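Participant: My questions will all concern the structure given below.
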Amino acid sequence: GENVEQHPSTLSVQEGDSAVIKCTYSDSASNYFPWYKQELGKRPQLIIDIRSNVGEKKDQRIAVTLNKTAKHFSLHITETQPEDSAVYFCAAFFQGGSEKLVFGKGTKLTVNP
Amino acid sequence: EAGVVQSPRYKIIEKKQPVAFWCNPISGHNTLYWYLQNLGQGPELLIRYENEEAVDDSQLPKDRFSAERLKGVDSTLKIQPAELGDSAVYLCASSSYRGTNTGELFFGEGSRLTVL
């Protein structure tokens, strides 16, 4: 079935450290992998995405890596800041049957000053 | 440019009562989604529209949930009757992508439903 596993569920780091969140997906045909950030009581917002024709993408302190063979992708945040504290969701776009974006269960990141 | 607008932001009802949520997508976005987000979970797709057509409603509990998108713009999601387990945030999202192409989804602030 369509499944996205996300780990860890909670992550606490010191300001300035790096944070890594990992996701795996079930469908090898998936071709689009976004990451959304959701602050408490706010809407989810896209922070970075990657398509299956590339292995890595960077945007300032944020990077995403994709391993299609392993069906695994990761979010890397460097030089974390307190304002990075939020819940982060990975997602994968499934194309078999009905096309849909399936989200992981989220990682609550806390950056301690 | 205005984002996705949802109302009401909060709704408290007693079980067995009906409730309706409204969504106005970003202008020009043909694809509209309703997602359900339980506390501590990721969004789960309920229904996806392309223009006024519901192209994926396989996850919508049709015995009590209904949705419509008349004229391919605004959409409403209705629950009748509501059950205790329906307490959640109902997120609307829109996108300029269609079908097998996909890209950024723009979410609304959500409608938080509490069923007592």
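The values are calculated or read from the model by the stated rules, or taken from the named source; none is laboratory data. Since we're looking at a predicted model, the values are computed, not measured. In this analysis, Cβ positions are derived from the backbone assuming ideal geometry, glycine residues included, and neighbour counts consider all displayed protein chains.
Participant: Could you check region B:32-56 and list, in sequence order, the residues that are crowded, with 21+ Cβ neighbours inside 10 Å and among the polar types (S, T, N, Q)?
Facilitator: B:Gln37
Results for (1) within 14 Å of chain B (Cβ to nearest Cβ); (2) loosely packed, with under 15 Cβ neighbours inside 10 Å; (3) among the charged types (D, E, K, R), shown as yes or no for each residue.
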position: A:Thr65; (1), (2), (3): no, no, no
position: A:Thr69; (1), (2), (3): no, yes, no
position: A:Thr78; (1), (2), (3): no, yes, no
position: A:Gln81; (1), (2), (3): no, yes, no
position: A:Gln95; (1), (2), (3): yes, no, no
position: A:Pro113; (1), (2), (3): no, yes, no
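Participant: Can I ask one more? With B:Lys71, B:Lys78 as the choices, which residue is more than 26 Å from A:Gly41 (Cβ to Cβ) and either among the basic types (Lys, Arg) or out of contact with any Gly (no Cβ under 9 Å at 6 or more places or on another chain) (or both)?
Facilitator: Unique residue meeting the criteria: B:Lys71.
Participant: Take the residues in region B:64-101 that are polar (S, T, N, Q) and surrounded by 21 or more Cβ atoms within 10 Å (Cβ to Cβ); name whichever of them is nearest to the other protein chains (Cβ to nearest Cβ).
Facilitator: B:Ser95
Participant: Shifting gears a bit: Which of the residues belonging to region B:6-49 are more than 15 Å from B:Arg112 (Cβ to Cβ) and of a type in the set (A, V, I, L, M, F, W, C)?
Facilitator: Hits for region B:6-49 are B:Ile26, B:Leu32, B:Leu45, B:Leu46, B:Ile47.
Participant: May I pose another question? How many of the residues in region A:52-63 are surrounded by 15 or more Cβ atoms within 10 Å (Cβ to Cβ), among the aliphatic types (A, V, I, L, M) and over 24 Å from B:Leu91 (Cβ atoms)?
Facilitator: Looking only at that region, the number is 1.
Participant: Out of (1) within 13 Å of another protein chain (Cβ to nearest Cβ); (2) surrounded by fewer than 19 Cβ atoms within 10 Å (Cβ to Cβ); (3) free of Cβ contacts under 8 Å to residues at least 40 places away in the same chain, the odd one out for A:Lys105 is which?
Facilitator: Exception for A:Lys105: condition (3).
So that you can scan it fast, the table gives a plain yes or no per residue for (1) under 21 Å from B:Gly3 (Cα atoms); (2) at pLDDT 95 or above:
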position	(1), (2)
B:Leu45	yes, no
B:Glu53	no, no
B:Asp57	no, no
B:Arg64	no, yes
